[in-house]
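Everything on this sheet refers to the single structure shown next.
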Amino acid sequence: MSTTIRQQRVSELLFEELGILIANELKDPRLSYVDVTHVRVSPDLRSARVYVYHWDKDVPRQQVLKALKKAAPFLRSQLAARCGLRQVPELLFYYDDTPEQAARVDQILAKIAAERAGREAAGESTPEDLAAASAETPAAHPPERPEESAPGDVASAEQDR
């Protein structure tokens, strides 16, 4: 499903304004470390999915989403005043765990790099070295191919089954 230029523009506008509003206008302490990561507006511009990430691990995700849902009417009224849209979309908040996933991938990659460095320092061969060595040595015998038979041959029909 492709997005229209209008959807993209409204999404970008909501992204910027919601980031400012949540950071500066909301007084709820549970929302002090909330970042808006992405906004996706429906094709009819009536609803917007707002993806947020909360940097404070002490506050549970459900508390953050509950506080944002409670603040949604205030945020919509502020967006109406600031954005000049005929109709401000309904705000639906979702937790975005992409930063956590990215941190986990970085951690795994760092662990792999440390293991490789440890193996190279110990003089062990790495999987890449083994693969390169096997690619350089030609195979003793080429793989055998089944003998080709004529298309109407009974033996080829039996092999195809």
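No lab work stands behind these numbers, since they all come straight from the coordinates. Everything numeric here is computed off the predicted structure, so don't read it as measured data. Because the Cβ atoms are built from the backbone with ideal geometry, glycine has one as well, and the counts that use them run over all protein chains shown.
Among the lysines, which have Cα under 27 Å from the Cα of LYS70 when same-chain residues fewer than 8 positions away are ignored?
LYS27, LYS57
Note down the net charge around ARG61, summing +1 for each Lys or Arg and -1 for each Asp or Glu among other residues with Cβ under 13 Å from its Cβ. If you can, show how the numbers build up before the last one.
Details: positive: ARG30, LYS57, LYS66, LYS69; negative: ASP56, ASP58, ASP96, ASP97, GLU100.
Residues close to ARG61 contribute a combined charge of -1.
Could you list SER2, SER11 in order of exposure, starting from the residue whose Cβ has the fewest other Cβ atoms within 10 Å? The partial results should precede the final answer.
On the way: SER2 5, SER11 20.
Final ranking by Cβ density, sparse to dense: SER2, SER11.
For ILE20 and ASP35, calculate 0.36 nm times their separation in residues minus their Cα-Cα distance, and state this gained length in nm to one decimal. Mind showing how you got there, number by number?
Values: separation 15, 0.36 × 15 = 5.40 nm, distance 0.95 nm.
Roughly 4.4 nm would be gained on extension.
Exactly which GluC sites (Glu not before Pro) in region 27-131 are in a DSSP loop and have at most 11 other Cβ atoms within 10 Å? Can you show the working numbers first?
Values: sites: GLU90, GLU100, GLU115, GLU120, GLU124, GLU128; in loops: GLU124.
Those satisfying the criteria are GLU124.
Looking at region 1-33, which trypsin sites (Lys or Arg not before Pro) are DSSP coil and have at most 12 other C-beta atoms within 10 Å of their C-beta?
On the way: sites: ARG6, ARG9, LYS27, ARG30; in loops: LYS27.
Answer by residue number: LYS27.
What chymotrypsin sites (Phe, Trp or Tyr not before Pro) does region 1-86 have in DSSP loop regions with at most 11 other beta carbons within 10 Å? Don't jump to the answer; show the numbers that get you there.
Working: sites: PHE15, TYR33, TYR51, TYR53, TRP55, PHE74; in loops: TYR33, TRP55.
Sparse-neighbourhood loop chymotrypsin sites (Phe, Trp or Tyr not before Pro): TRP55.
Considering amide H positions built from the backbone, and no H for Pro or chain starts, which residues 5 or more places from LEU45, or on another chain, come under 5 Å of its amide H?
Amide H neighbours of LEU45, under 5 Å, 5+ apart: none.
Kindly write out, for region 20-29 in residue order, the coupling ³J(HN,Hα) from the Karplus curve 6.51 cos²θ - 1.76 cosθ + 1.60 (θ = phi - 60°), rounded to whole Hz, with x marking Gly and Pro.
For region 20-29, the Karplus curve yields 5, 4, 5, 6, 10, 9, 7, 9, 5, x Hz.
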